[in-house]
1. Return the pairs, sorted by first residue and then second, in which the second residue is at pLDDT below 95 and aliphatic (A, V, I, L, M), the first residue lies in segment 32-59 and is more than 16 Å from THR101 (Cβ to Cβ) and assigned by TED's automatic domain parsing to the domain that holds PRO111, the beta carbons are less than 9 Å apart, and the residues are 6+ apart or on different chains.
2. If you go through segment 126-153 one residue at a time, how many are at pLDDT 90 or above, under 15 Å from the mean Cα position of the chain (by Cα) and in a loop (DSSP other than H, G, I, E, B)?
3. Could you list, in sequence order, all residues of segment 90-120 that are free of Cβ contacts under 8 Å to residues at least 40 places away in the same chain, surrounded by 14 or more Cβ atoms within 10 Å (Cβ to Cβ) and outside any strand (DSSP E or B)?
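The values are calculated or read from the model by the stated rules, or taken from the named source; none is laboratory data. All of these numbers come straight from a predicted model, not from anything done at the bench. Backbone-built Cβ (ideal geometry, glycine too); neighbour counts: all protein chains shown.
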Amino acid sequence: MPDAGQETPAEDRDVTADTDARPLSDEHRSDDGTDGEPTPAPVPDETLIAAVELAREALQEITPASTVGEPAGHVVVDDHVVSLLFANTMAGYPGWFWTVTLSRTADDAAPNVLETELMPGDGALLAPQWVPWSERLADYRAAQEAAAAAAADDALDDADDTDEFDDDVALSGDPRDRDRDGIELEYDEDDVDAASGDSDDDDDESDDDDSDEDDEDEEDESDEDDDRFEDE
């Protein structure tokens, strides 16, 4: 540690404050992950790009020639590695491309076929992502629990509505003034009075009939008494 007033030697200084400490971007890193010059883009191999017939012959080993359409471009994978794309004519695979990957070991070497496959392009029709059974079962159980809770809430609401209806009927007076649904019945008072009058007339006629029967019974008893006196 230097004494006060002495200059700190250059080798003991913290130089991070005088430099940009930001990490290098991926384009400035080498293939092995160390900092260095940016990795150059692979150079298209024109010989591989032109090997269309070789790619078609390779595809005919895995699919009928009628399912392979016109060339649809290429992808430079690496130096001396190119994938050639062909249109797919099979029904049910819109947006898919036949893909043949070619390579060669040197500029003067012949092309070789690495792989052939049917690959999806942008907007291709794909199967939904696979979901593990445990997750699907958990979703199913959650849906069942939600449905049961909703049914319980509906039943509780129905019970509350029934209680409110009973309270309304009790407070409204005569429950006969309402039908089973709680709707107030409308009727004409004149019709009610007329019906009441008919009921009174029926009661009067019934009383008259009872009186006539009593008179007849009394006459019969009187005649019997007279006959008894005459016999004596």
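1. ASP35/LEU24; GLY36/LEU24; ALA41/VAL76; VAL43/VAL76
2. Residues in segment 126-153 being at pLDDT 90 or above, under 15 Å from the mean Cα position of the chain (by Cα) and in a loop (DSSP other than H, G, I, E, B): 0 in total.
3. Answer for segment 90-120, where residues must be free of Cβ contacts under 8 Å to residues at least 40 places away in the same chain, surrounded by 14 or more Cβ atoms within 10 Å (Cβ to Cβ) and outside any strand (DSSP E or B): MET90, TYR93.
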